[in-house]
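Structure record follows, encoded as structure tokens.
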Amino acid sequence: MGSGIKRALSYKTVLLTLLVYSGLVLLFTLIGVIFAPPSAQIGQTRPADTIPEHVLELAGFGLVLGLGLAVVYGRKGLPLVFLLPVLTVLLDLDHLPAYLGIAQTIRPAHSLVFVATALAITAITIKHLEVDLVVLSATLAHMGIDTGLFAPLSPINFDYVPLDPYKVPFLVVAVLAVFAGGFVLRWRGLRIEPVAGELARSALP
Ligand SMILES: [Zn+2]
């Protein structure tokens, strides 16, 4: 990053992305807990015995999307193969208050405002286009798998609507974003490596 010669994404960048993303999910959750009207604080946890299955479903789909990157684009996609399923699962951190017995809104970070904010913040802090595309893909994949209600404009507005009509568009964009992420990796590989090679040659005596 910033050196002019870009390399494959590092696991340090992946870890930083996970921290930034988790922080944003928790921030949206906190805003909901503090500012949402009591009538909107009706978020529940799902029955405990269905949680492992749901987490596996989310991680599994994230892994399939991530593997799409690796299969098509090889070794450079590997850090993203790890990043995608973990991000897909991390969105559910926004159920934390309900687990702790605190009143909260339904799915405060499962929102279009969250998607836009997460993209803007990762663009500013992480500065890798392929990471932005993976954040978009993971978040929409998660929302495309969930069922029930969500507030598309949370935490600005807590009007709940069913997720069902949004599922297909969310899943389509999630898949397209992965392919776009793969193209970014490929474009970098083709465009940037020859420059690195030239630099290496020009450094020879
Ligand atoms: Zn969820």
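The values are calculated or read from the model by the stated rules, or taken from the named source; none is laboratory data. No experiment lies behind these values; they were computed from the predicted model shown. Quick reminder, even Gly has a Cβ in these numbers, built from the backbone with ideal geometry, and neighbours come from all protein chains shown.
Kindly provide the set of residues from the stretch 103-122 that are of a type outside the set (Lys, Arg) and either farther than 15 Å from residue 139 by Cα or not in a helix (DSSP H, G or I) (or both), ordered by number.
Correct list: 103, 104, 105, 106, 108, 109, 110, 111.
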*Which numbered condition residue 46 misses (of (1) within 16 Å of the ligand (Cβ to nearest atom); (2) in a helix (DSSP H, G or I); (3) among the charged types (D, E, K, R); (4) modelled with pLDDT under 90)*: (2)
*Considering only residues of the stretch 90-103 that are small (Gly, Ala, Ser) and more than 16 Å from the ligand (Cβ to nearest atom), which is surrounded by the fewest Cβ atoms within 10 Å (Cβ to Cβ)?*
101
*asked:* Looking at 95, 142, can you tell me which residue is part of a helix (DSSP H, G or I) and at pLDDT below 95?
replied: 95
*Of the conditions (1) within 27 Å of residue 181 (Cβ to Cβ); (2) modelled with pLDDT of 90 or more; (3) β-branched (Val, Ile, Thr); (4) surrounded by 16 or more Cβ atoms within 10 Å (Cβ to Cβ), residue 81 fails just one. Which one is it?*
(2)
*For residue 106, all conditions in the list (1) within 16 Å of the ligand (Cβ to nearest atom); (2) within 21 Å of residue 153 (Cβ to Cβ); (3) surrounded by fewer than 20 Cβ atoms within 10 Å (Cβ to Cβ) hold save one; what is the number of the exception?*
(3)
*Single unsatisfied condition, residue 118 versus (1) buried (at least 17 other Cβ atoms within 10 Å of the Cβ); (2) closer than 21 Å to residue 180 by Cβ; (3) modelled with pLDDT under 95*: (3)
*Looking at the stretch 58-84, which of the residues that are without any contact (Cβ under 8 Å) to a residue 40 or more places away in the chain and within 16 Å of the ligand (Cβ to nearest atom) is nearest to the chain's Cα centre (by Cα)?*
59
*Are there any pairs, at least 6 apart or on different chains, whose C-beta atoms fall under 9 Å, with the first in the stretch 143-154 and free of Cβ contacts under 8 Å to residues at least 24 places away in the same chain and the second more than 8 Å from the ligand (Cβ to nearest atom), and if so, which?*
147/162; 147/163; 147/164; 147/167
*Residues being of a type in the set (A, V, I, L, M, F, W, C), surrounded by fewer than 23 Cβ atoms within 10 Å (Cβ to Cβ) and part of a helix (DSSP H, G or I) - total across the stretch 123-135*: 3
*Could you please let me know if residue 14 is part of a helix (DSSP H, G or I) and either closer than 22 Å to residue 180 by Cα or modelled with pLDDT under 85 (or both)?*
yes
